[in-house]
1. Does the range 171-196 hold any residues that are in a loop (DSSP other than H, G, I, E, B), under 18 Å from Ala121 (Cβ atoms) and open to solvent by less than 20 Å² (accessible area, probe 1.4 Å), and which are they?
2. Going through the range 140-158 one residue at a time, which ones are open to solvent by 40 Å² or more (accessible area, probe 1.4 Å) and either within 15 Å of the ligand (Cβ to nearest atom) or in contact (Cβ under 8 Å) with a residue 12 or more places away in the chain (or both)?
3. Residue by residue through the range 23-77, note down the ones that are out of contact with any helix residue (DSSP H, G or I) (no Cβ under 8 Å at 6 or more places or on another chain), open to solvent by less than 80 Å² (accessible area, probe 1.4 Å) and closer than 30 Å to Ala124 by Cβ.
4. What helices (runs of 4 or more DSSP H) completely inside the range 197-299 contain at least 3 residues that are within 16 Å of the ligand (Cβ to nearest atom) and acidic (Asp, Glu)?
5. Please specify each residue of the range 187-205 satisfying the condition of being over 15 Å from the mean Cα position of the chain (by Cα) and within 20 Å of Phe148 (Cα to Cα).
Amino acid sequence: MRIVPGFDLFFIGLYALLIPLVGLVAWLVTGIPALFALALAMLAAYLLLALRRPLRRRQAVHAPFPGEWREFLLSRSPFYRGLDDSGRQRFERDVRLFLAETRIAGSGGAPVSWPTELLVAAGAATMLHGRPDWEPPLLDGVTVYPGFAFDRNYRPGRGSIAGQAPAGGPLLVAEKSLLEGFAGERDGINVMIHELAHYFDLEARKGGLRIVADSVRPIPWSVAIEKAYERHDFAASPLPDYAARNEAEFFACASELFFEDPIRLGASCPRLFSLLEEFYGQDPSGNVLAGTHQTPGSGAGNAVVRGMLNG
Ligand SMILES: [Zn+2]
């Protein structure tokens, strides 16, 4: 994430030039100097509004990163643990930017604890680490339900839905499953990564992302993931059965394994691994291996969350 996204910077610069220019032309054409003064006043008002977001982001980035947060991330995220100093600084900056702009609330608007907020942000910072020009696709924020799951009527403590990614947002996640996702190292299960992947997938389709994958020239993301889904051997796959439901679940489950145990995914599905590597702009193998405490696949909570992922 950039402190000022390139898109914002482009439009701020464009309007900062256009508004006085229009005022100047109006003055020259009509001979009324007040029109130019009016344009300057409009420019000042525009800049006051337009610069609020960059200033807010700048302030967020420069706020100190609490030691307690750092310790918590070190204990929960092999990805973060495996980063070098500059990587960790960028990760922390992304966490700050995410928290400054993303609404995270409990069901019914209840407040959410800082560790929960931090893990939500850590999911986004992990996935964006290789795509500094991307923004988290979560304009409608995140709603956290208590317990391990909720049902189709969004009643917490019932049903088996650990998370959901409705197209209109917000991202929904059950708090205990979120925590479990960051507790089991390299178990390939992380509901936050899974649900966020759905939104990145939607954004890539909407935005017409093109990807080379193993083609001669770039092809639309939607075609690349469709081909990967169709050729995937689910019988010999390290992905859960849920991945076979459709292309979207295939990509979301593959993203979980890509960030949780990239070495396993790379060894068993090299073409799928390369596709995700290009999509996310990174190969997390080095960080995850460097940051791993446990033996592969020995993550806690594996049995609890397996089979509960949904949406
Ligand atoms: Zn899903």
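1. Phe182, Asn190
2. Asp140, Pro146, Phe148, Arg152, Tyr154, Pro156
3. Listed by number, the residues that qualify are Pro66, Gly67, Ser75.
4. Result: 247-260.
5. Asp187, Gly188, Ile189
The values are calculated or read from the model by the stated rules, or taken from the named source; none is laboratory data. Note that the structure is a prediction, hence the values are computed from the model and not measured. Because the Cβ atoms are built from the backbone with ideal geometry, glycine has one as well, and the counts that use them run over all protein chains shown. Ligands, DNA and RNA are stripped out before the accessible areas are found, and what is left, the full protein with its side chains, is counted by its heavy atoms. Shrake-Rupley method; radii C 1.70, N 1.55, O 1.52, S 1.80 Å.
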